[in-house]
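I have placed the structure first, in the form of structure tokens, so that the comments after it can refer back to it.
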Protein chains: 2
Amino acid sequence: MNQPASPSSLNKPLPATLLEALRALLGDRVSTSDSVRAHHGKDESAHPPAVPDAVVFVQSTEEVAAIVKLCASHSVPVIAFGAGSSVEGHVLAIHGGIALDLTRMNEVLKVNVDDLDVTVQAGVTRKQLNQHLHDSGLFFPIDPGANATLGGMAATRASGTNAVRYGTMRENVMGLTVVLADGRVIRTGGRARKSAAGYDLTRLFVGSEGTLGIITEVTLRLHPQPEAVSAAICMFSGVDDAVRTVIETIQMGVPIARCELLDALTIKAVNRYSKLTLREVPMLLCEFHGTPASVEEQAKTVQAIASEHGGLDFEWSTRQEERTRLWQARHDAYLACMQLRPGNRGVATDVCVPVSRLAECIAATNEDIAKASMPIALFGHVGDGNFHLVILVEPANETDLAEAEAINHRVVMRALAMGGTSTGEHGIGIGTLDFLDAEHGDAVTVMRAIKQALDPGNLFNPGKVIRL
Amino acid sequence: MNQPASPSSLNKPLPATLLEALRALLGDRVSTSDSVRAHHGKDESAHPPAVPDAVVFVQSTEEVAAIVKLCASHSVPVIAFGAGSSVEGHVLAIHGGIALDLTRMNEVLKVNVDDLDVTVQAGVTRKQLNQHLHDSGLFFPIDPGANATLGGMAATRASGTNAVRYGTMRENVMGLTVVLADGRVIRTGGRARKSAAGYDLTRLFVGSEGTLGIITEVTLRLHPQPEAVSAAICMFSGVDDAVRTVIETIQMGVPIARCELLDALTIKAVNRYSKLTLREVPMLLCEFHGTPASVEEQAKTVQAIASEHGGLDFEWSTRQEERTRLWQARHDAYLACMQLRPGNRGVATDVCVPVSRLAECIAATNEDIAKASMPIALFGHVGDGNFHLVILVEPANETDLAEAEAINHRVVMRALAMGGTSTGEHGIGIGTLDFLDAEHGDAVTVMRAIKQALDPGNLFNPGKVIRL
């Protein structure tokens, strides 16, 4: 984040006619200032910044459509930009172009309480939405940690801690407004809870990472705020026992809402960062949603399973304050880990494997961690088989970067060999591009055909998701 | 079903070189007999039969790939055929070609109990799968009524009575093996519970109705068999009260597993067909899955809501025998309705609206029913906002067919105006083609672009889903 943007990109001028047309359309909502461009040329990853040639701040779908038409006629790339919280380089302007900042499109357009759905502009963040919903009895569960925009979350198929119960953006986006590469605006999906009418364009744009169209509005499924919520923590002498507890919990059909594993190093980081005094051993952090009776029943079932696997210090609480404190600590785990060596950046891995292979996968990964020259924290959404490493690197240290890359490579190849995926929730961006062929083989040619059919000029976020 | 196949189609010969090549590949698993072709030229809809020029019975993905290559080189359409239980004309060979019968690819390839998933060949039926899973502690919930093949269910994005709790095929297909139009074989998705790696091809092929590729294998998500199951029925003096009970149940977050409405005429038909003695008034039939305690809690909550809306005779039972009898009657509702006028065919509508509009939508539909000249039964998956009409028509009676079409048109346009969809679960086929533009507008051009990119020769199931 502290690296300078590459000069080649900083110095590349936009066609003057395009800039004039953008200014005529948007006035001072077009910026070519170094600071604004620098802010839009970086994300939360360890990838070096790549700044756009200009930034536009849009206020409506119509403006997006007009900008896309202008950029298409000048063959200038368009990169959608939300909160900038990607960890895979999604927003980096590696081929220059315009960063299209959607954060001013931040209106909650329509809450349909009776139908448990909401339509928002793409720049609304998940926290903003849940604040808006506070008194409605409903909430939006998907929670990737960062306060991302809902457009960005849709574009990257985000998930996070609640996915084990509520699914990912895939399951919770009902429809989208999308600006196509020729500037036309389409509406995908709808507000019916299910539909068999035509190809599933909604799911095609969810996870397309801004490469097939610009998402400007999102219709989301909401869920009733649970009557009762409780959190439980349980300590284990080894990661393996924690993971086996999770696997049995899932197999028993316990409708657990969240189920997170933090390894000993992560706990150490979290203790420091969030001023907690948790025992520095592997920990499961669980959350249960339901009626008071069912929440109690779920917690007791998990406690029984945990104790069969040597779980210690099982504590559960329905007090909101304590829950909030624990979950905030979990959310801050990524930042906490980065503070283990101040000034370092984190290379985050994101594999997800079938849960039956999770214990084995984590055990082998722990051997990689033991051999590494830098601190590596492990935590994640183990109920889904998804876990992260945060590999701490000095951003300018080539040896560090090469070692981190080699570890990531080993972790991903192991996950693929186990029937898993290179990325459970972070997306491909530029970080996981190299693994797409290994994971999907000839299916990548179909993805490429779709990209070429929908965006023949490679206007949208070029260089991301698939190589053309 | 009793109509003769159209002579033009019956008489159209295949290129001799293609037929020879198919026979060289498959031996006696190629048929051009009238009876075999007639069987593959009809479905459960009221659409007139359209028979294929030949039928091939495949045993492997490799055979499908070889057949697709042969048919591509002769520009002869390929139509995937499973159980033939479509109600929208999906399998009708309206442009001739080869019916590719997948029912002999009926092997359950791999059950992963620990991961709650299974991979099956496309010709495995849902009942066969659940029989296979019987002792595993797991089950596959999606249940469209008919004993459809899982390949066909994936291709039509089927759902049914359990969708309110477990989702549709969209949420429960994890991956597919697909033969593309050039004969290449791809594997989409994977066995990880979530992935953000590339475009969501799985969801694109789910619901593509055989027009983008031939699905030969399906990896499905399984669910733990619930510890306890109970069923409840409740009678209402009007449909409106029943619907309001359902809406409140959903909004309360009760994790109801099934929630079906049957109107008075449907009950009458079901009583006759299944030899029951239910009171002939609107009825809700619900099912609850969970622990014994949570099942009881759910049933009590629904009972309380129902009684606020004038619900009568609320009965609930955990006895399997009684449950099975009731649900079998529900499953047979379509057949039961057709027996109201023996020899008639049913024109089935399939709209799905946001639940807040469901009561209004059904009330207006009941006015249509009151004006109609033929019996029309109404039932459906009201927890999803999805309901069916079965409009009884004499197959050869043009007046009947025109009236049914006019009613369907009104019902669909009403649903669309309410933010709903023309088809919740039956698919487009040829029956709902006319409504796709009305529902999806310019998004249909994107569907068309995808069809043309993936199947440029219009080889797969031509004339279905979208007009080219």
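The values are calculated or read from the model by the stated rules, or taken from the named source; none is laboratory data. Computed from a prediction, not measured in an experiment: that's the story for all the values here. Glycine gets a Cβ as well: all are built from the backbone with ideal geometry, and neighbour counts include every protein chain shown.
The single condition among (1) more than 24 Å from residue B:139 (Cβ to Cβ); (2) away from chain A (no Cβ under 12 Å) that residue B:247 does not satisfy is (2).
Kindly indicate whether residue B:418 is in contact with a Lys or Arg (Cβ under 6 Å, 6 or more places away or on another chain) and among the hydrophobic types (A, V, I, L, M, F, W, C).
Considered against the rule, which asks whether it is in contact with a Lys or Arg (Cβ under 6 Å, 6 or more places away or on another chain) and among the hydrophobic types (A, V, I, L, M, F, W, C), residue B:418 comes out as yes.
Whether any residue in the range A:123-133 is closer than 25 Å to residue A:331 by Cα and either at pLDDT below 95 or among the small types (Gly, Ala, Ser) (or both) is what I want to check. Yes, the conditions are met somewhere in the range A:123-133.
The set of residues from the range B:424-458 being within 23 Å of residue B:387 (Cβ to Cβ), of a type in the set (Gly, Ala, Ser) and crowded, with 24+ Cβ neighbours inside 10 Å comprises B:424, B:427, B:429, B:431. For the range A:194-251: of the residues being charged (D, E, K, R) and modelled with pLDDT of 95 or more, which is nearest to the chain's Cα centre (by Cα)? Out of the qualifying residues, it is A:209. Considering the range B:249-319, the qualifying strands (runs of 3 or more DSSP E), each wholly inside and each with 3 or more residues that are out of contact with any Asp or Glu (no Cβ under 9 Å at 6 or more places or on another chain) and surrounded by fewer than 22 Cβ atoms within 10 Å (Cβ to Cβ), run over B:312-317. Selection over the range A:444-461 of residues that are under 22 Å from residue A:154 (Cα atoms) and within 10 Å of chain B (Cβ to nearest Cβ) gives a count of 10. Of all residues in the range A:99-134, those being within 14 Å of chain B (Cβ to nearest Cβ) and more than 20 Å from residue A:171 (Cα to Cα) number 1. Taking the criterion of being more than 12 Å from residue B:412 (Cβ to Cβ) and of a type outside the set (D, E, K, R), the residues of the range B:427-450 that qualify are B:427, B:429, B:430, B:440, B:441, B:443, B:444, B:445, B:446, B:447, B:449, B:450. Scanning the range B:343-377 for residues that are in a strand (DSSP E or B), modelled with pLDDT under 95 and closer than 15 Å to residue B:262 by Cα returns a single hit, B:348.
Within the range A:170-193, the presence of at least one residue that is facing another protein chain (nearest Cβ under 10 Å) and within 14 Å of the chain's Cα centre (by Cα) is confirmed.
Among the residues of the range A:207-244, those identified as within 10 Å of another protein chain (Cβ to nearest Cβ) and either within 30 Å of residue B:388 (Cα to Cα) or free of Cβ contacts under 8 Å to residues at least 40 places away in the same chain (or both) are A:219, A:223, A:224. Of the residues B:230, B:208, the single one that is of a type in the set (Ser, Thr, Tyr) and over 28 Å from residue A:253 (Cα atoms) is B:208.
Count of the range B:144-158 residues, restricted to those that are farther than 19 Å from residue B:187 by Cα, in contact with a Phe, Trp or Tyr (Cβ under 9 Å, 6 or more places away or on another chain) and within 14 Å of another protein chain (Cβ to nearest Cβ), is 0. When the test is whether a residue is touching a residue at least 40 places away in the same chain (Cβ under 8 Å), within 14 Å of another protein chain (Cβ to nearest Cβ) and closer than 19 Å to residue B:167 by Cα, residue B:291 does not pass it.
Of everything listed in (1) within 10 Å of chain A (Cβ to nearest Cβ); (2) farther than 18 Å from residue B:118 by Cα; (3) not acidic (Asp, Glu), the single unmet condition for residue B:165 is (1). Only helices (runs of 4 or more DSSP H) whose full extent lies in the range A:1-85 are considered here, and the ones with at least 3 residues that are modelled with pLDDT of 95 or more are A:16-26, A:34-39, A:61-74. A single member of A:371, A:464 is more than 8 Å from every other protein chain (Cβ to nearest Cβ) and touching a Ser or Thr at 6+ places or on another chain (Cβ under 7 Å), and it is A:464.
Of these, A:97, A:82, which one is in contact (Cβ under 8 Å) with a residue 40 or more places away in the chain and at positive phi?
Details: A:82 fails: at positive phi.
Answer to the selection: A:97.
Is there a residue in the range A:79-102 that is under 21 Å from the mean Cα position of the chain (by Cα), over 30 Å from residue A:394 (Cα atoms) and surrounded by fewer than 21 Cβ atoms within 10 Å (Cβ to Cβ)?
No, every residue in the range A:79-102 fails to be under 21 Å from the mean Cα position of the chain (by Cα), over 30 Å from residue A:394 (Cα atoms) and surrounded by fewer than 21 Cβ atoms within 10 Å (Cβ to Cβ).
The sole residue among B:182, B:114 that is surrounded by fewer than 24 Cβ atoms within 10 Å (Cβ to Cβ) and more than 23 Å from residue B:465 (Cα to Cα) is B:114. Counting only helices (runs of 4 or more DSSP H) that sit completely within the range A:380-468, those holding 3 or more residues that are under 25 Å from residue A:99 (Cβ atoms) and not assigned by TED's automatic domain parsing to the domain that holds residue A:71 correspond to A:443-454. Among the candidates A:50, A:46, A:83, the residue that is closer than 24 Å to residue A:13 by Cβ and among the small types (Gly, Ala, Ser) is uniquely A:50.
Taking the criterion of being without any contact (Cβ under 8 Å) to a residue 60 or more places away in the chain and over 20 Å from residue B:89 (Cβ atoms), the residues of the range B:409-468 that qualify are B:410, B:413, B:416, B:417, B:441, B:442, B:443, B:445, B:446, B:449, B:452, B:453.
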